[in-house]
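A.B. asks: Here it is, the structure in full.
The values are calculated or read from the model by the stated rules, or taken from the named source; none is laboratory data. Bear in mind that the values here come from a model prediction, so they are computed numbers and not experimental data. Positions of Cβ are generated from backbone atoms using ideal geometry, with glycine treated the same way; all protein chains shown enter the neighbour counts. In case anyone asks, the SASA skips ligands and DNA or RNA and just uses the protein heavy atoms, side chains included. Shrake-Rupley method; radii C 1.70, N 1.55, O 1.52, S 1.80 Å.
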Amino acid sequence: MNVVLDLIGVALVIVATLLIGVYGLRISRTTGDFFVASRTVRPVWNASAISGEYLSAGTFLGLSGLVLLDGARGFWFPIGYAAGYLLVLAFVAAPLRRSGAYTIPDFIEARLESTSARRVTSIAVLVIGWLYIVPQLHGAGLTLLVVAGLPEWVGAVTVAVLVAAAVAAGGMRAITYVQAFQYWLKLTALLVPVVFIAFALSGGPHDFDPALVFPVEAGPSGFDAYETASLLLALLLGTMGLPHVLVRFYTSPTGVSARRTTVIVIGMVSAFYAVSSTMGLLARIAAPDLAVPGVADTVVLLLPSRVFPGVFGELLTALIVAGAFAAFLATSAGLVVSLAGVISQDVFSGSVRSFRLSAVLCALVPLAVALLTAPAGLGSSVGVVFVVAASTLSPVVLLGVWWRGLTARGAVAGMLSGGLAAGLALLVHALIDGVGAAAPYLAQPAAWTIPLATAVTVVLSILDPRGPSPRSERFLARVHTPERG
């Protein structure tokens with residue numbers, strides 16, 4: 001690796017981010033600009049921005065590492081990530097836009113007419129968002145450690161400061177342009193090295209051994225049926241509970257536009273997952289010695305120099321480093337925007353000034369956590385977030401859109417039961433060894449925590465003597481009525 005080239009790549013990404021953010025700042029004036037970009041983002045731009053923020057450190061670095069470690073098993077993550085948007089498309093994209101809300105707590109309060117339900121939703125959004133930002137900061141620290149030997153806190157602090165500044169300066173409108181640019185940068189940063197590495201390996205001394213890339217134990221016969229099904233359920237439904245994903249649909253001009261945006265997103269993220277997974281497969285051929293937990297996440301950064309010793313490999317590495325930093329910045333920015341909107345409205349006045357203050361606070365909290373904790377596997381860390389989101393927000397959002405019998409008490413009980421059950425299961429699995437037969441159910445709890453949350457929500461809603469909100473019929477009619485034209 002060439003430290004100078006790598007740092008130049010990072011510097012160029014930072015400069016581009018700041019310049020695009022300044023452009024967005026020039027046209028960000030109103031509260032609507034800061035919260036939802038005045039609901040004027042067209043499908044291609046919005047899809048690029050959604051893809052930019054969705055493709056996180058866990059995808060850019062962690063997915064290739066998972067494929068390197070587990071072979072075919074690693075493909076469950078990109079399959080679940082991409083397929084999750086099919087559910088978003090089918091069930092919630094257009095209704096959420098038609099609701100007229102700014103944030104997920106806005107939607108829940110309008111649907112249930114309950115400040116208590118709003119508060120619980122806000123807490124869930126903050127917890128999920130902060131859990132998701134921490135791996136981005138760890139990934140930034142890991143990247144600068146590997147390529148430049150800098151302390152891990154340097155990368156984390158750099159990303160947190162840049163994101164806080166960009167979001168506070170221009171809000172959603174500015175971040176939309178930044179994230180759209182960063183998606184295409186990330187795709188290019190992986191696609192170019194993958195193409196060159198694939199050609200080099202096809203004509204080099206590395207013979208393609210199917211048993212190496214797709215070993216028998218990583219095939220269908222090696223899958224644990226429960227863990228695989230539970231993981232897929234978490235990934236499919238977790239997308240529907242990610243606050244930075246859902247808030248994006250509020251920026252579309254209409255519900256029809258929101259659905260078109262989702263269709264484009266599916267294509268964009270699928271293309272990126274194919275490239276990232278291919279990098280992991282190439283690593284199984286050229287760098288199997290890196291298939292070590294804690295080291296596998298660095299394979300994207302190390303593989304080009306393995307295959308192309310010299311300046312060309314260093315240039316490819318610098319390109320990848322630039323893309324990696326774009327991933328950390330884009331996802332963190334999307335999360336901070338969504339969280340700042342919640343805190344600004346629920347804690348402060350909901351003004352532009354309070355949004356800016358909230359953006360800084362929302363970046364500082366995960367930064368403190370990242371500095372006090374050691375990084376785990378990036379892919380698995382993001383998987384934890386999907387489990388919590390799927391067990392907490394997804395059932396309530398889905399039922400809020402499609403079931404007129406939902407009540408505030410049922411929603412609050414469902415979110416609390418699902419979130420606590422998922423959190424306790426994951427915590428026990430992480431802290432206690434030797435749990436025996438219960439291990440799969442604690443490591444991948446989504447298969448029982450999601451039904452638990454849904455059942456609690458439905459049963460308590462049915463038993464609630466107050467019944468649904470009197471205005472629920474009118475609200476549901478609005479969100480399900482297609483726009484004209």
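A.B. asks: Yes or no: region 82-90 includes at least one residue that is farther than 30 Å from R466 by Cα, open to solvent by less than 10 Å² (accessible area, probe 1.4 Å) and of a type in the set (F, W, Y). Working first, answer last.
C.D. replies: Pass one, region 82-90, residues farther than 30 Å from R466 by Cα: 82-90.
Narrowing the set further to residues that are open to solvent by less than 10 Å² (accessible area, probe 1.4 Å) leaves 84-85, 88.
Add one more test, that the residue is of a type in the set (F, W, Y), and what stays is 85.
Yes, the conditions are met somewhere in region 82-90.
A.B. asks: Among the residues of region 448-466, write down those that are of a type outside the set (S, T, Y) and surrounded by 13 or more Cβ atoms within 10 Å (Cβ to Cβ). So that I can check it myself, show each step before the final result.
C.D. replies: Filtering region 448-466 for residues of a type outside the set (S, T, Y) gives 448, 450-453, 455-456, 458-460, 462-466.
Hits for region 448-466 are W448, I450, P451, L452, A453, A455, V456, V458, V459, L460, D464.
A.B. asks: Out of the residues in region 471-485 that are open to solvent by 80 Å² or more (accessible area, probe 1.4 Å) and without any contact (Cβ under 8 Å) to a residue 60 or more places away in the chain, which is nearest to S417 (Cα to Cα)?
C.D. replies: Filtering first and then ranking leaves R474.
A.B. asks: Has region 26-46 got at least one residue that is touching a His at 6+ places or on another chain (Cβ under 7 Å), at pLDDT 80 or above, open to solvent by less than 10 Å² (accessible area, probe 1.4 Å) and in a helix (DSSP H, G or I)? Reasoning before the result, please.
C.D. replies: Filtering region 26-46 for residues touching a His at 6+ places or on another chain (Cβ under 7 Å) gives none.
Checked region 26-46: no residue is touching a His at 6+ places or on another chain (Cβ under 7 Å), at pLDDT 80 or above, open to solvent by less than 10 Å² (accessible area, probe 1.4 Å) and in a helix (DSSP H, G or I).
A.B. asks: Something else now. Just the residues that are assigned to a helix (DSSP H, G or I) and either in contact with a Pro (Cβ under 9 Å, 6 or more places away or on another chain) or open to solvent by less than 10 Å² (accessible area, probe 1.4 Å) (or both), please, taken from region 96-119. Even if it seems obvious, please write down each step before you answer.
C.D. replies: Of the residues in region 96-119, the ones assigned to a helix (DSSP H, G or I) are 96-98, 104-112, 115-119.
If the condition is that a residue be assigned to a helix (DSSP H, G or I) and either in contact with a Pro (Cβ under 9 Å, 6 or more places away or on another chain) or open to solvent by less than 10 Å² (accessible area, probe 1.4 Å) (or both), then L96, R97, R98, I104, P105, F107, I108, R111, L112, A117, R118, R119 are the ones that fit.
A.B. asks: Can you spot a residue in region 330-339 that is in contact (Cβ under 8 Å) with a residue 40 or more places away in the chain, in contact with a Pro (Cβ under 7 Å, 6 or more places away or on another chain) and more than 21 Å from V167 (Cβ to Cβ)?
C.D. replies: No - not one qualifying residue is present in region 330-339.
So that you can scan it fast, the table gives a plain yes or no per residue for (1) under 24 Å from W448 (Cα atoms); (2) under 22 Å from the mean Cα position of the chain (by Cα); (3) not small (G, A, S):
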| residue | (1), (2), (3) |
| --- | --- |
| Q345 | no, no, yes |
| S349 | no, no, no |
| A359 | no, yes, no |
| V365 | no, yes, yes |
| L371 | no, yes, yes |
| V382 | yes, yes, yes |
| P395 | yes, yes, yes |
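A.B. asks: Collect the residues in region 418-439 that are in contact (Cβ under 8 Å) with a residue 24 or more places away in the chain and open to solvent by 30 Å² or more (accessible area, probe 1.4 Å), keeping them in residue-number order. Break it down stepwise before answering.
C.D. replies: Keep residues of region 418-439 that are in contact (Cβ under 8 Å) with a residue 24 or more places away in the chain, which gives 418-419, 421-423, 425-426.
G423, L426 - these are the residues of region 418-439 that are in contact (Cβ under 8 Å) with a residue 24 or more places away in the chain and open to solvent by 30 Å² or more (accessible area, probe 1.4 Å).
A.B. asks: Here is a list of conditions, (1) at pLDDT below 80; (2) open to solvent by less than 30 Å² (accessible area, probe 1.4 Å); (3) more than 27 Å from T261 (Cα to Cα), and V67 meets all of them except one; can you say which number that is?
C.D. replies: Every condition holds for V67 apart from (1).
A.B. asks: Being touching a helix residue (DSSP H, G or I) at 6+ places or on another chain (Cβ under 6 Å) and of a type outside the set (A, V, I, L, M, F, W, C) is the filter here; which residues of region 254-266 pass it?
C.D. replies: From region 254-266, those touching a helix residue (DSSP H, G or I) at 6+ places or on another chain (Cβ under 6 Å) are 255, 257-262, 264-266; that's our starting set.
If the condition is that a residue be touching a helix residue (DSSP H, G or I) at 6+ places or on another chain (Cβ under 6 Å) and of a type outside the set (A, V, I, L, M, F, W, C), then G255, S257, R259, R260, T261, T262 are the ones that fit.
A.B. asks: Look at region 260-282 and say how many of its residues are crowded, with 21+ Cβ neighbours inside 10 Å and over 26 Å from V299 (Cβ atoms).
C.D. replies: Final tally of qualifying residues: 3.
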